[in-house]
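A quick write-up on the structure given underneath.
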Amino acid sequence: MKLNMKKYMLFLIVVLIAILLYPNNVYAQYREETNIDNIDENKYPGIKERLKDMKSRHPNWSFTIFYTGLNWDDVVYNETSAYHGRSLIQNRSGAWRCPICGDKVLDGTNWYCASPAAVSFYLDPRNFLYDNEMFQFETLSYREGSYTKEGIEKILDGTFMHETSISNYYNNSSYTSSTFADIMLEAGREANVSPYHIASRIKQEITKNGGPSNSVTGTYPGYEGYYNFFNIGATSGEGAVERGLRYAQSKGWDSPEKSIKDGASSVGANYISIGQDTLYLEKFDVDDRNGLYYHQYQQNIEAPMNEGRRIYNAYNSMGVIDEGFNFIIPVYENMPKIVCPKPNENFYIVTEDVEVNKDGIMVRKENNTWAQAIQYVNSGDKILRIEKGGVYSDGFIWDKVVLPNGDIGYIETDYLNKIDDIITCNDSMYATSNVNLRNGPGLNSTTVIRTIAAGEQFIRIESGKYNLDGYIWDRIKLSDGTQGYVACNYIDMVNSSTTTDEEIVRVIANEPLALREQPTTSSRKITSFPKGTLLTRIQKNVAEADGLIWDKVKTADNIEGYVASIYIEHVSGGNEETPPDEPNIDQPSDKHSYWVDEGNKIINCSPDVSIQDIKKQNSDVNVSGKNNKEEEINDVNASIGTGSKVNVGDKEYSIVKYGDIDGNGMIDSRDSLRILKYVVGEYNLDDKVYFYAADVSKDNSADSRDSLRILKYVVGEYEIKA
C-alpha cells in the first residue's frame, strides 16, 4: 500500500499544533456505548430518561453515547476563557455576551464573544434531546439507501437550486444538465457524506432570501467563472467573498459541479472522516482523535441547532422522520446536575458593591412586586449586587442581590447606588486546581463567569464572609479587573518567598522546556525552548503545583509564561546575550513605527500605522496609491492594510501590517484563526506580503506561535512591532 504523504504530513501538522496549544494530559478517553440502559444516571443525569422517551416514539432511531472523558468545566473553559472569539453569538445581549469582552464586536457588525453561560446552554446535549432539535447529533457519514433526490429537493425548496438544472440556471451548455439535487446526491456518495448534510450546509452558506450569494454567481469581478458552494476559505469579515473565490480559483472550481463535489470531499476529509461526524461535533471539537477544541467548522454556537432544525423540517415534510437514523450523543465528566439554562438577555452579570438609598425597602424572593418579602433593608445598608437590569411585566427593573447572611433576592434598581469595592484584604493567591469563578457566593442562584485554570494568579479582596452550600467563599479580582467568588478550598496563597528582581536564566533541561500559560503542568503550553536558551526571569518562586516550584519568565520578544524552576539556572555576568532561538531584530519601540525593505519594495508596519504616520515621517515626499479595497490613498484618513500599494516618490511599495492577515487593516481573532487554518492547509498565504504579515515572530514561518501572539495582542497582553 502506498503512503499518501500529503495526508500523512497534514496529520502530523494537526498533531503538532494540538500538542503545542493544549496540555498533554487533557485528552479524552474515547469510548462509545450503544445500549442506553447502561448510562449511569448519577454521572450523566437526565440523558437516559430523555433518550428512552425518544426511543419510545421513534423505535427505529438508534443512539451512540460518546463518552468524551472530558471534564465539563474544562470544556467550557476551552470554548470560552482560554480563547476569546472561539465561540460567537449573534444579535444577543445581556448574559449571552462574555462578561470580559462585553460589547466588543469580534466579527462583522453583530457578532460577540459568547459567555460561558451561553456556551454551556448550547454545549449541554440535554437541552436538545427533542424531536426537532435532535438532528444536530445525526451521523453525517453516508448511509447507503438512506437518501433520495426528492429528500434533497425538500431541503432546497425556496432556493434558486430547487428542481433546477445547473446548465439551464447558468445558461451555460458546457455545465452539466443534471439538477443541483442530482449532483449533491452523487457528491455525498463519492465523499462518504450525507447528501442531506451537503444540501443543508450549502443552503446555509450561499443563499440569502433564496437567491445565490456572490460566491456562486460565476460573475464576481476578477473571478468570473469560479464558484465556491461551501464558502471554503471565505473566512468571515470584509473581503470574505474574494478570499473564498481566490481559494476556488486555486482549486480550479470553474463549474458548479466541481465546486459542489470537491467541497463535499473537503468537508468529508477534514471533519467527518476524522471523528467530527455530527453538526454538534463540527462546532464543539471534543473528540481527541484529531486534537481538541481548535478544529471547528464555525464559531457560531447556534449553528448546529439551526442547521439541525432545517434537516428535521425536511425529513418531517418528506414523511421519513421515523427511518433508522443514528445519533451520537456526547457526555462529559462532572456534568451539572441541573440542565444548563438559557441565558437572559434582559440582565447583565456583575459582581459589585451597592448601597441602599431609602429606608424600608423590601427584598423579594422573585423579581416582581407580588413576590414574597424575605427581608427589609434601610438607607446606608451595603449589599452585593450580582445581576443588573431585568425588565419584567410589572414595569420595574430588578437587580439580583446577596444579603450579608447569604440570602439571595431582588430589589428595584432605583433603590441601589453603586459604591467603591469594599476591600477587606489584599492577598496574592493562585488556584490549586481548575475552579469556577461565580458572580456571587454559593452554588445556587449564581452564574459561572469563567473557569480559572490551575495555577492562575489573582488578588483576594474579601475572605470568609459567606459560608454557603458547604463552602467558604472568597471574593477575588483577576488581572483584567474581573471580579467574582470562588470556594476557598481551591485556592492558596502565593509563596511568600516570591522575588521580583529580573535576572537572566538558561534552560538546562535535556528535553525542550515548556513555557506554560499558568504555573502548572495542566496549563496550556505556549511554546517550548531547547537546552541553552536564555530567558529573563521576572518572578521567582511564584507558586507550588504538581510537585514543582514555578518561576515566571519572559522571552526576548516579551512573551511571558511559567516554567518549572528546576529546569533553569541563573546566568552570571558576561553571558547575558540574546537567546539563540529568538530573532535578533532591532525593532523600534514606538507602536506607530514602520521600516522600509528596499530589496522587496515593502513597508513593514506595526498594527496602528496609518498613512498619516508615514506622511509625518516623510513630510517632503508624496504618499499616494491604493489600498486593498482599490481605494485611492490620497489623504490621511484612508484605511491601510496588508496588500495596500503606496507610492513614495517615484517608487511603489506594498504594505505589510503585522498581524493583519486578510488586509482589512484590523487585527482580531479571525487573523489568529487564519494562521491555524494555514498550517493545516485550509487557508492560502501564497502572496508573500500576507505571509510576512502572519510571521509576527519574524522567524520565517507562520505557525501556531504567531497565532497565539496575535490573540494575546487582541486582548492587550502582547505588543506587535514592525
Consider GLN483 carefully, then state whether it is surrounded by fewer than 24 Cβ atoms within 10 Å (Cβ to Cβ) and at pLDDT below 90. no
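Quick check on this structure: which one of ASP262, ASP359, ASP277 is modelled with pLDDT of 85 or more, crowded, with 22+ Cβ neighbours inside 10 Å and not aromatic (Phe, Trp, Tyr)?
Exactly one of ASP262, ASP359, ASP277 is modelled with pLDDT of 85 or more, crowded, with 22+ Cβ neighbours inside 10 Å and not aromatic (Phe, Trp, Tyr), namely ASP277.
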So which residues in the range 690-701 are among the aliphatic types (A, V, I, L, M) and surrounded by fewer than 24 Cβ atoms within 10 Å (Cβ to Cβ), if there are any at all? none
Anything in the range 82-94 that is at negative phi and surrounded by fewer than 23 Cβ atoms within 10 Å (Cβ to Cβ)? List them, or say none. ALA82, TYR83, HIS84, GLN90, ARG92, SER93
For the range 612-635, does any single residue satisfy the condition of being among the hydroxyl-bearing types (Ser, Thr, Tyr) and modelled with pLDDT of 75 or more? no
Exactly one of these conditions fails for ASN110: (1) at pLDDT below 90; (2) buried (at least 21 other Cβ atoms within 10 Å of the Cβ); (3) polar (S, T, N, Q). Give me its number. (2)
Being under 18 Å from ASN231 (Cα atoms), assigned by TED's automatic domain parsing to the domain that holds PHE230 and surrounded by fewer than 24 Cβ atoms within 10 Å (Cβ to Cβ) is true for just one of THR179, THR159. Which residue is that? THR159
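ASN334 - would you say it is in contact (Cβ under 8 Å) with a residue 24 or more places away in the chain and over 30 Å from SER672 (Cβ atoms)?
Working: in contact (Cβ under 8 Å) with a residue 24 or more places away in the chain: yes; over 30 Å from SER672 (Cβ atoms): no.
Answer is no for this residue.
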Here, helices (runs of 4 or more DSSP H) confined to the range 115-206 with at least 1 residues that are under 29 Å from the mean Cα position of the chain (by Cα) and in contact (Cβ under 8 Å) with a residue 40 or more places away in the chain are 116-123, 180-191, 195-206
What are the residues in the range 505-534 that are over 30 Å from the mean Cα position of the chain (by Cα) and in a strand (DSSP E or B), if any? VAL505, ARG506, VAL507, LEU534
Anything in the range 669-704 that is among the hydroxyl-bearing types (Ser, Thr, Tyr) and not in a helix (DSSP H, G or I)? List them, or say none. TYR683, SER697, SER701
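The values are calculated or read from the model by the stated rules, or taken from the named source; none is laboratory data. Just so it is clear, the structure is predicted and the values come from calculations on it, not from any experiment. FYI the Cβ positions are ideal-geometry reconstructions off the backbone, even for glycines, and counts take in every protein chain you see.
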